[in-house]
Structure formats: C-alpha cells, structure tokens
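Rule-based calculations on the coordinates, nothing more; no lab input. Worth saying up front: this structure is predicted, and the values here are computed from it rather than measured. All Cβ positions, glycine included, derive from the backbone under ideal geometry; neighbour counts span all protein chains shown.
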Amino acid sequence: MQQLEQTLKAALGAAITHVFGTEVPAAQLTLQPTRKEFAGQFTLVTFPFTKALGKGPEQIGQAVGEWLVANEPLVSGYNVVKGFLNLEIADAEWVNVFNALRQAPAGAPIPTGGPQNVVVEYSSPNTNKPLHLGHLRNNFLGYSVAEILKATGATVTKANLVNDRGIHICKSMLAYQQYGHGETPQSAGIKGDHLAGKYYVLFEKHYREQVRQLEAEGVLPDVAKRQAPMMLEAQDMLRAWEAGDEEVVSLWRQMNGWVYEGFDATYQNIGVDFDKYYYESGTYLLGKERVEEGLQKGVFFKKEDGSVWVDLKEEGLDEKLLLRADGTSVYITQDLGTAELKYQDFGYDLSVYVIADEQNYHMQVLKAVLKKLGKPYADAIYHLSYGMVDLPSGKMKSREGTVVDADELVREVVEAAKAATLEKGKTEGLSDDELGQLYHMLGLGALKYYLLKVDPRKRMLFNPEESVKLEGDTGPFIQYSHARIAAIMRKAAEMGISSDADLSTLTELPAAAREMVQELGRYQSVVQEAARTFSPAVVAQYAYEVARAYNRFYAEVRIFLEPNETTRAFYVALSAQTGQTIKASMGLLGIQVPERM
C-alpha cells in the first residue's frame, strides 16, 4: 500500500511537471483517502499549489487528472470537487496490492525506527483492595500498548509495580487486626483481595466516626482528621513495619499473600500478563539512597523538622517532599528506586508508565528529580496519562466501597454476552464447554474493546449495556465478523477453493472489493500510528472499519455463486486475508476472536 502511494506521488509529480513545467517535491504531495460520497480512493488537495502553478485549484485538478488518465495506467479515472482531485486506481493495481499483502500477512514485524528496548509498566495495584473498573482500563491499555510496540519489532518488557507498603496498606492491616477475629479467605469464602478491601472500607468507616466525634467535641476538621486514634495507630504501624517489627511484618506478609492469589486469578481471567514484578517494599530503600545522594550533591535540602525536599520551582513545579520527618518514605521515594532498578535490569531506551492523569504532576516531578540527580534514563521516561473512567452514577471511590469491582464486572459482561448471543440464536453445534468459552471471549472482548476504543487521554463514561451489543462499534460485532469469515473458509475448503490461488488473470473488481483491499492495505500504517501515539484506540477503530467494510463486501457479492472461477477464488482469498487482519488487530488489543459463533 505504501508502495502504491509512492508510485502515485511520482506520477502526480510527473503530471505537474509536464502540464505546468514546474517541479513539486514529492514531500509536498500529500494524499488522503477519498471521502465515501465521491468516486476514487486517493485525494490530492490542490489549494497549496495555486501560487506556484499560477492556476486556480479546480483548473489544476482538471489538468493533472486528464494527464494521468491519458499517460498513467495506474489511474483509471478522476473527478474534481473544488480544490480536491479524487483519483480512481485501476483494478489491476488493486490486485497487485492484494498479492503483495498475501506475501506479507498481518502480524509480521513493522519497523518504525522508534525505541527498541522498552519497559511498559502497568496495573500497579495496591494490596489493600481488589482491582476495579479503573484498573481494568489501566491493564488493558498497558497490555495493548506493549503488544503494539512488540509489533514494531521492539523488545518489550511488561512490568508490574505492586504498591505493597505504605499508610493505605496499614489501614487494611489495622482494621483486620482490630475487627478480623482470625478470618481468612477460606473461612469467609471470599477472594483474598476482596477480603483486604473489606477491611480497608471498614477502617474508613470507623475512622470517619472518630473524626465526627472529635469535631463534635470542638476540634477543627483538619486537626480531627490528623488526630483521630485510628489514623495515629496506622501511622504507628507504618513506622513499626519500616523498623521490621516481627508481628507487623508477619501480618503484612499474610494479608499480602491473600491479595496476590486474588490478583493472579483476576489477571488470568482478564487475559493480561507480566514479565517482571517489582514491589515497593523492595524499591523504597534504594529510593532512600537516591534521596541521600541528592542531599550530598546539594540538589535536595532538609527542613528544620528533618524532612527532605527538592525545589523544582525553576522547572515550573514546586517544592516536593521526598522523605518524611520521621524517616518514612513517600510515593516519590520508591519511584526513584524503581526507575533505577528497571534501568539496571533492562537498560531501556523508553520506559512507559501507564498511570491515570490524576498523577500528571507526580510524574513531572519524578522526571525532574531524576534530571536533578543526573540520571541517564530521566529522558527515557514517558507518562501515558489516561483519563479516568466514570459511571452513569458518578465517580468511583475505593474507601467508600463504591467502586465497580473488576471480577464482578467481568461476570456481568459475560452473562450479558451470553444473553445477547442466545437471543440471536448463534450457538448451534457447540458443546457446553465451547459455549462457556465463547461467552467469556465475547464478554471480555466487549469490555476490552469498549475501554480501548476511546483515546487513552480522554475521560470516558462506561455503559455496560452498550458494550455487549452485537451491532455497531463494539467488540462482539468485530468478533462476529471473524466468525462469519471462518465459516466461509470452512465452506471454501469443503468446495476445494484455495485462498492461495493464482489471481494473475483477474482484471476487474466490484467497488466493495476495492474498498476492502484498500482497508487491508492500511494495516501497517495503522500499527505505526498506534505505536507513535501510544493509542490502542487507533487499532480499535481500524478493526471496526475492516469488519464494517467486509460486511458491506459480503452483502454486495455472492462469494460461492460467483460464476467466474478466478473471481470466486479472489473472494475467498480476500476473506482469508480479512480474517487474518481482524485477528491480528484484535490480538494487539488483547482480544481473542472466535472461529464459530
């Protein structure tokens, strides 16, 4: 496809030279897809050339179009709409493009010249609660970006930094210590991550009661929040943990162990994985060393209470706390350590952090602090800042227990996918096990596609009912299109029609087939654009466009009733290539596609 565009640009350059006696560099000849309401496949905007050529935009378009049709076999027709020259490409050329696509199927590496050694950090859960809807967008984004970068030939490491220490962890631990009475996931019949989350919410409930009581006694609200007994006890527990208190550390290990089992089950269920785990409990000490290094270099400073800060006002930021007065670390402390550990382990030239836009300031600070320290990997840090996920009922809040639990949401979309599929009557000939796998594939595909089709940087509203529809811009619609193609390929095999047939004698194509070849030819440029912008939404939109174009093609032609043997073989080959492209595109999103539906 890129070769076709280069050839067309060369032909346009030759036309302008012959007609107007003026050379226009190929770099200035920008082609765009022709709008659906006009004939043609490529459009040249002629407005920019009026001054150099001394003619109006329509005159330029007419003259160039006439020359191309008369002298360039590549172009079979043209039309001019104001300053837009729409070019129709000869059917024989589309056959050549298609044959080239068959030689380089979707899924082969697509070099971009970008970073070659990449770490993508995503998920980063806290061990005081289960994963929720916001985590799902994070996980799906991180996994998909990693797969897209892999498709460009880069070596990619998927990393998960587990937030396994800190005041929020101590809150769950303290509540369990006071109200747990020895409860375990087994005795409660609850997943370990859900059990920890239960006590995080319980801490907040009792803490708020204490704050209200203090306020009723005349204590100012801000003071009451700091002096509530449970908050003071949680802070004492954090200090005890950092001091290695045996009882506190034992409880921490026990509860985190429960949570990890729960996380692993969720990760497996939603189809994401990791190559490397980091734990804040293993990185914060190295972060403290970097803070000490900064003090020695004079780029950090201590305040009278002993806390350590960095002044980033010259960078357009502010003063930032790096270490509390009592010596305990904060988020930025362990992030300094983790950034260094990742560089030691992988020597990355790009380190992608998939973190919500609520942490934009924090990530700016991290990069600025590393630059202050003179670290060679500071400029390699890239923050993939994504928008939060809202519900029709409003913003989610973990501490109030109003989040949408990830496990429950997956169960709901799988059930919804089951109901939608049964309503369509698309389950003939499948066993109960196959049906269970199909419903899970469709439900998860619906959820992933819905969360990934929106540009990552945009805040989004999640509507579970819309996500599982079998029509429109949804995952199940694309999955169903693949299943339809798989059925066509099975029938073609039964009829002895090969998708590898010789198409050299094919010279004419219906409009829907031309459109289909053009869509398939965009795959490489789509992956390159998605990698450049770190946006799976680019791939999601493409997968939908391919599926939609194929459904138009399927409605326009009668594949197995086509009397011409070569044309019939082409239709089968085109279907096969479309199926491969849909599968490869959806695979980049972490979405499986069914063979039967």
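Kindly provide the pair-distance distribution of region 364-500 built from C-alpha pairs, with 10 Å bins from 0 and whole-percent values in order of increasing distance.
Taking every Cα pair in region 364-500, the percentages come to 10, 28, 24, 19, 12, 6, 1.
Show that you can apply the helix-only estimate: for the chain, add -39,500 (n - 2.57) for every DSSP H stretch of four or more residues, divide by all residues, and state [θ] at 222 nm to the nearest 500.
When only DSSP H runs of four or more count, the value is -18500 deg cm²/dmol.
When a/c is below 1.5 the answer is rounded, else prolate if a/b is larger than b/c, else oblate, so apply that to region 227-340 with a ≥ b ≥ c taken from the square roots of the Cα gyration tensor eigenvalues.
Because a/c hits 1.5 or more and a/b fails to exceed b/c, region 227-340 counts as oblate.
Using the Cα centre of region 129-264 as the reference point, and only Cβ charges (+1 on K/R, -1 on D/E), how large is the resulting charge dipole? Debye, rounded to the nearest 20.
Using only the charged Cβ atoms, the result is roughly 520 debye.
If you take the beta carbon distance between residue 466 and residue 66 as r and set R0 to 60 Å, what does 1/(1 + (r/R0)^6) give as a FRET efficiency, to the nearest 0.05?
So the FRET efficiency works out to roughly 0.75.
Which shape class applies to region 407-588: rounded if a/c is under 1.5, otherwise prolate when a/b exceeds b/c and oblate if not, where a ≥ b ≥ c are the square roots of the Cα gyration tensor eigenvalues?
Oblate shape, in that a/c is at least 1.5 and b/c is the bigger or equal ratio.
One-quarter of the Cα convex hull surface for region 145-275, in nm²?
Taking the Cα atoms of region 145-275, their convex hull projects to 10.9 nm² on average.
Could you name the lysines in cross-link range of residue 55, using Cα to Cα under 17 Å and dropping any fewer than eight places away on the same chain?
82
Under the Kirkwood approximation for Rh and a Cα-based Rg, what ratio Rg/Rh is obtained for the chain?
1.06
Lysines within cross-link reach of residue 297: Cα-Cα under 26 Å, excluding same-chain residues under 8 positions apart?
288, 313, 320, 342, 367, 371, 372, 375
Above 23 Å lies some portion of the pair distances; for region 449-545, what is it as a whole percent of all C-alpha pairs?
Of all Cα-Cα pairs in region 449-545, 44 percent lie more than 23 Å apart.
Under the classification rounded if a/c is under 1.5, otherwise prolate if a/b is larger than b/c and oblate if not, where does region 2-89 fall, given a ≥ b ≥ c as square roots of the Cα gyration tensor eigenvalues?
It is rounded, given that a/c, with a ≥ b ≥ c, falls under 1.5.
Contour minus end-to-end for residue 82 and residue 437, with contour as 0.36 nm per residue of separation and end-to-end as the Cα-Cα distance?
122.5 nm
Regarding region 122-400, what whole-number volume in Å³ per residue does the convex hull of its Cα atoms give?
Residue-normalised Cα hull volume stands at 161 Å³.
Quick one: Cα centre-to-centre distance for region 339-355 and region 421-463, in angstrom?
Distance between centres, Cα-based: 33 Å.
Residue separation times 0.36 nm, minus the C-alpha to C-alpha distance between residue 250 and residue 458: what's the value?
So the extension gain works out to 70.7 nm.
Taking a spot 7 Å from the Cα of residue 58 along the direction of its beta carbon, which residues of region 66-96 have an amide N less than 15 Å from it?
79-86
Which trypsin sites (Lys or Arg not before Pro) from region 235-330 combine a DSSP loop assignment with at most 14 other Cβ atoms within 10 Å?
When the trypsin sites (Lys or Arg not before Pro) of region 235-330 are filtered for loop state and at most 14 Cβ neighbours within 10 Å, 303 remain.
Roughly how far apart, in whole Å, are the Cα centres of region 220-247 and region 56-73?
The distance from the Cα centre of region 220-247 to that of region 56-73 comes to 78 Å.
Return the loop-located GluC sites (Glu not before Pro) in region 440-491 (DSSP other than H, G, I, E, B) with at most 11 other Cβ atoms within 10 Å of their own Cβ; answer none if there are none.
471
If I stretch the segment between residue 268 and residue 26 completely, what's the gain in nm (0.36 nm per residue apart, minus their alpha carbon distance), one decimal?
82.2 nm
Under a crude label model (7 Å from the Cα following the beta-carbon direction), how far is residue 423 from residue 208 in nanometres?
With each label placed 7 Å out from Cα toward Cβ, I get 3.6 nm.
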